[in-house]
Amino acid sequence: MAGLSLSNVRKSFGQTAIIHGVDLHIADGEFVVFVGPSGCGKSTLLRMIAGLESVSNGTIAIGGRDVTHLDPSGRGVAMVFQSYALYPHMSVRDNIGFGLRMNGVPRAEVDRKVAAAATALHLTELLDRRPKQLSGGQRQRVAIGRAIVRQPDVFLFDEPLSNLDAELRVQMRLEIARLHAELAATMIYVTHDQVEAMTLADKIVVLRAGSVEQAGTPLSLYDDPENLFVAGFIGSPRMNFLRAECGTDGMIRLPDHRNVIVPLTLAAAPQPGQDLLLGVRPEHFAPDEAVSLNLTVDLVEHLGGASYAYIGSGTAHPLTIEMRDARKVGRGTVLETSFDPTRAFLFDARTGDRLR
Ligand SMILES: Nc1ncnc2c1ncn2[C@@H]1O[C@H](COP(=O)(O)OP(=O)(O)O)[C@@H](O)[C@H]1O
Ligand SMILES: [Mg+2]
């Protein structure tokens, strides 16, 4: 078991800087999720921790030991990839035990560890099968089993569920959460899926273009995003952003919605003329709140329990409103809805900074 520290970690490929100085502390036993859009540097950062990619600058310590220039095999980490990378001609048993056997671990011990991992992953019945006789979810469990038997201090997962269908992803997500609880190991998990991040993480690290935008517990990012990017990335469906203006009277108004006033308590009033965006989550609209809007619905999705109304689709500021018991709402309905301004967030539209 071990915690991790990244200090000013940078990476360039040739002249191109990809990771711009990441500082991060991960506690022993913590489940940390790196989340961000494709190409933001999640895999690169994970591969540097694994030792599969060199570090251009800064240091990485695992369990208090500087591993920045250490071989992957000496770091006490095990990595699980999106592509399962199983040996097709070997049984599940041999796939899981392969690394141990290569390291000269005695046969009896290999068998014992493989059996224990198979139990934890519900693979016992499948030990004699070949990978091609397994479903995608079962293959990914074998890949995880291969990591478990090595008893690493830190597990590294790079989008392990991306090749699975939606239902299986939910199931495997629960399995990974259970495994983390049972093994109490430090885990770092990379995904572009914010729902996976919200449900698995003790701590989420939101990355964008090689920099950490914000790190914190899932609910702290949801409740208190520091900027427009995190606000838009965390939460599903995505947060709505309404154009806002500050008048010379210091009041915030919504010019696209009959200049309705949004009473906000701000430490400092924005400049008149400053481009602002007001963020309101789809689930924070309700019938009788302080700020009322009349919205003409383009399209409704009725999911049974909840319905989503879409407004202004194709415009720069489309809206999604979550409703309950909204069976009568349809295309063309003028929806009278409202939100509680204390649940809204104000941003500088140009810099993306949160204004408090
Ligand atoms: N070996 C490499 N050589 C050059 N550029 C790379 C290499 N690996 C990754 N990159 C670039 O680094 C950026 C981050 O990539 P990656 O870490 O794979 O992103 P993510 O996993 O978040 O999708 C991308 O722009 C990618 O093209
Ligand atoms: Mg990646």
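The values are calculated or read from the model by the stated rules, or taken from the named source; none is laboratory data. Since this is a predicted model, take the numbers as computed values, not measurements. Glycine also receives a Cβ, built like all others from the backbone with ideal geometry; neighbour counts cover every protein chain displayed. Side chains are part of the model used for accessible areas, which takes the heavy atoms of the whole protein and leaves out ligands, DNA and RNA. Shrake-Rupley method; radii C 1.70, N 1.55, O 1.52, S 1.80 Å.
Scanning region 33-63 for residues that are open to solvent by 10 Å² or more (accessible area, probe 1.4 Å) and in a strand (DSSP E or B), we see that the one that is farthest from ligand 1 (Cβ to nearest atom) is ALA61. You will find that of LEU86, LEU24, LEU70, LEU100, the residue that is open to solvent by 10 Å² or more (accessible area, probe 1.4 Å), in a helix (DSSP H, G or I) and more than 16 Å from ligand 2 (Cβ to nearest atom) is LEU100 and no other.
With respect to (1) in a helix (DSSP H, G or I); (2) within 14 Å of ARG93 (Cβ to Cβ), the lone exception for ILE176 is condition (2). All of (1) touching a strand residue (DSSP E or B) at 6+ places or on another chain (Cβ under 7 Å); (2) free of Cβ contacts under 8 Å to residues at least 40 places away in the same chain; (3) open to solvent by 50 Å² or more (accessible area, probe 1.4 Å); (4) within 16 Å of ligand 2 (Cβ to nearest atom) hold for PHE13 with one exception: (1). When the residues of region 311-328 are narrowed to those that are more than 25 Å from the chain's Cα centre (by Cα) and surrounded by 18 or more Cβ atoms within 10 Å (Cβ to Cβ), which ends up farthest from ASP224 (Cα to Cα)? So, considering only residues that are more than 25 Å from the chain's Cα centre (by Cα) and surrounded by 18 or more Cβ atoms within 10 Å (Cβ to Cβ), the one farthest from ASP224 (Cα to Cα) is ALA326.
Using the structure shown, decide if ALA50 is touching a strand residue (DSSP E or B) at 6+ places or on another chain (Cβ under 6 Å) and modelled with pLDDT of 95 or more. Here the answer is yes, as ALA50 does meet what is asked. Of VAL212, VAL230, all but one fail to be assigned to a strand (DSSP E or B) and hydrophobic (A, V, I, L, M, F, W, C); the exception is VAL212. Flag set for PRO152, criterion: of a type outside the set (Val, Ile, Thr), within 29 Å of GLY74 (Cα to Cα), in the same structural domain as PRO72 (by TED's automatic domain parsing) and out of contact with any helix residue (DSSP H, G or I) (no Cβ under 7 Å at 6 or more places or on another chain).
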